[in-house]
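Accompanying notes for the structure given below.
The values are calculated or read from the model by the stated rules, or taken from the named source; none is laboratory data. All of these numbers come straight from a predicted model, not from anything done at the bench. All Cβ positions, glycine included, derive from the backbone under ideal geometry; neighbour counts span all protein chains shown. For accessibility, only protein heavy atoms count, side chains too; no ligands or nucleic acids. Shrake-Rupley method; radii C 1.70, N 1.55, O 1.52, S 1.80 Å.
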Amino acid sequence: MKKFLIFLILSLFTDICYSQDDLSSIFKVIEDTVAQEEIDSLMALVKPKYKWMGSEGKIVADSMKLKYRKPKRFGQIGITECFDNYPKLKSTFTCMGNQLHSNDEQFISFMNFVYFAEYHRKLYYLSHKRKETVDAQPYWQRLGILRDYYGDEIGESWVDSVTVYSTEEARKKWNADSAFVFNLHLRPEDYYKKDFKHVKILLIQKKGQGYAYITSFYTDKAKENFDKYWRRIEKTLRFEK
């Protein structure tokens, strides 16, 4: 059972093919450092991708100390979207859950959580064969999304697509160590549900705890009054002190 869970975790968090030697090393790390309750804790973070995580005020992930508050005038939708009818969106986002729909159905957000326990940091090192810490992963997350959607044509101009919050503002808004937003300008063939033409992604990170990102799709109508929706989405997640 434990090995099955490890395979599931690896398949959800990485797209790497493991050799037999790699897997043997990984299992050794697991056996040496992971208690069953730690695996159960990590699996609890996987489940929200397929099932709504809870009501207002619930702690989303105890280990991340990340608190969720339901935004006003948004409904919670417990369905996973895998973008099967949108090939480019599927290759960019794969599947996302934890949906929030504005009551007027003009703004849809998906919440994603990435938490690394100590043993997963060791797995990350084994998988990537480099020493940089997992705290650097948000950088690769945003770069990966931009390059997955735009392809090589974005080159190094992706830096211009990102707005970075100051350390002071990140702490004030989310008690985070870092935060940034970036946009995707969808091509007409990729418009989500025909009318959702715009995408904005917010990522917040607490070093040593993990990070979360909210991917929002919105219509032209919502764009006209964007701040009204965004102010509510910004307040959805916050790291506890």
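Relative to the current alpha-carbon distance between Lys90 and Lys241, full extension at 0.36 nm per residue lengthens the span by 50.8 nm.
Between Arg187 and Arg231, the contour length at 0.36 nm per residue exceeds the Cα-Cα span by 13.2 nm. Note on Arg73 and Asp104: their simple-model spin labels are 0.7 nm apart, each label 7 Å out from Cα toward Cβ. With the whole protein complex present, Phe196 retains an accessible surface near 10 Å², based on a 1.4 Å probe. Of the cross-linked pairs Lys194/Lys235; Lys65/Lys90; Lys70/Lys241; Lys197/Lys241, those separated by over 25 Å at the C-alpha level are Lys194/Lys235; Lys65/Lys90; Lys197/Lys241.
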